[in-house]
Amino acid sequence: MSAAKAPVRVAVTGAAGQIGYSILPRIAAGEMLGTDQPLILQLLEIPVEGPQKAMRGVAMELDDCAFPLLEGIVMTDDPRVAFADAEWALLIGSKPRGPGMERADLLKDNGAIFVEQGKALDDVAADDCNVVVVGNPCNTNCMIAASQAKRLAPERFTAMTRLDQNRAQAQLAKKSETAIADVENIIIFGNHSPTMYADFENATISGKPAVDVVSDDAWLKEEFLPTVGKRGAAIIEARGLSSAASAANAAIDHVKSLATPGGPLHSIAVRSDGNYGFAEGIWASVPVTTTGVGTYQVDTSFQHSEFAVGKLGVTNGELVEERDTVSSMLG
Ligand code: NAX
């Protein structure tokens, strides 16, 4: 019999939030890192009694699930405790946009959180820690956190666009009346915002170009793209709350794909080195193949029409603007 694996430390911020509540039992059940991988959850919440108390409640429920893989739960309001020796850090917690708040204020308020957390990660996380930013605006928050890191490599900081990919895949499967698994190579480019480009031109359905199978250019350009881009707002409108179960599911997919070398192409926002016309140094979503646990290579083979290049230009412009807004926070 082989020896039991050593536990992996997984830090999760915003542990008392909606996504936290959806994701934590799934991580503890082994859905993210595998059903033979013991783990220790290190939960971070803001130093305010309400969220701290709610986090303790979540931990009580995790205890009550009696997950065999869950070897410990750390609860704290100190990022240096939460991130200590973490091999995976899911940065979910951030400030929501309040009434009358400008986007620039949101960027700056959240930027301050990611300056602090980036420094703490660099000080105490495991050398090969993989940092996954979910809290919005996630691309720019990720860039800010990575910019604080002197020890950790910027490539280890990724932001989540997998929910957008999953949304796009589901919409194409519905439209073409095929199984989800038959829709492949559907990649999100750019920002996790309504400017993102869900690249239907390179997608395939049952091995054939999606554009040929769908055969409805107007639907792809005028319905599919806005539906995917504005899906978050549609969920808020319907539920009165933002996406949580699907966001938690996407974060699990993101980590699983990033931890599984040789799997299919997937969308993650990574530091741009100029591919696809994205400005160097911003975090833009692109297709990647995973090469090792937490390492990946950007697939630069996608061809884009003039229409797509225009879309990529818009989302790149937004990311550059976001970077300009937070330039004083970049380390
Ligand atoms: P909630 O407001 O339910 O929970 C957020 C939690 O984070 C709160 O409990 C809050 O106290 C905590 N928090 C705030 N600042 C913190 C800090 N500095 N350290 C630790 N915890 C902190 O939001 P929820 O619905 O869980 O969403 C979390 C974030 O995910 C939001 O920023 C949201 O916009 C973002 N999303 C990102 C998505 C993506 O695809 N990248 C999709 C889903 C979601 O909208």
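If you bin the C-alpha pair distances of the stretch 162-329 every 5 Å from 0, what whole percents do you get?
Going from the shortest bin to the longest, the percentages are 2, 9, 17, 21, 21, 18, 9, 3, 1, 0.
For helix 18-28, report the angle its Cα long axis makes with the longest principal axis of the Cα atoms of the chain; keep it between 0 and 90° and round to the nearest 10°.
70
Can you give me the long-range amide H partners of Val8? Hydrogens built in the peptide plane at 1.01 Å from N, cutoff under 5 Å, separation of 5 or more residues or another chain.
Leu39, Ile40
Given the pairs Lys221/Lys311; Lys174/Lys311; Lys174/Lys208; Lys208/Lys311; Lys108/Lys256, which span a C-alpha to C-alpha distance of over 19 angstrom in this model?
Exceeds cut-off: Lys174/Lys311; Lys208/Lys311; Lys108/Lys256.
Can you give the convex hull volume of the alpha carbon atoms of the chain per residue, in Å³?
Taking the convex hull of the Cα positions in the chain, it is 142 Å³ per residue.
Would you report the distance distribution of C-alpha pairs in the stretch 36-95 as whole percents per 10 angstrom bin, up to the bin with the largest distance?
Spelled out bin by bin, the stretch 36-95 gives 20, 53, 25, 1 percent.
For the stretch 8-159, with the dipole built from +1 on Lys and Arg beta-carbon atoms and -1 on Asp and Glu ones, taken about the Cα centre, which of Leu43, Leu70, Leu152 lies farthest toward the positive end?
Of Leu43, Leu70, Leu152, it is Leu152.
For the stretch 8-159, what ratio Rg/Rh do Cα atoms give with a Kirkwood hydrodynamic radius?
Result for the stretch 8-159 is an Rg/Rh of 0.96.
Report the net charge of residues surrounding Gln165, where surrounding means a beta-carbon distance below 12 angstrom and charges are Lys +1, Arg +1, Asp -1, Glu -1.
-1
HN-Hα J couplings of the stretch 146-162 from phi, Karplus 6.51/-1.76/1.60, θ = phi - 60°, integer Hz, Gly and Pro as x?
5, 5, 7, 7, 10, 9, 7, 7, x, 5, 7, 9, 10, 10, 8, 10, 5
Among Ala250, Ala210, Asn166, pick out the residue whose Cα is farthest towards the positive end of the charge dipole of the stretch 162-329, where Lys and Arg carry +1 and Asp and Glu carry -1 on C-beta, about the Cα centre.
Ala250
Read-outs: derived from the displayed coordinates by stated rules, not from any lab. The model shown is predicted, which means the values in this text are computed figures rather than measured ones. Counting neighbours? That spans all protein chains shown, and the Cβs are built from the backbone with ideal geometry, glycine included.
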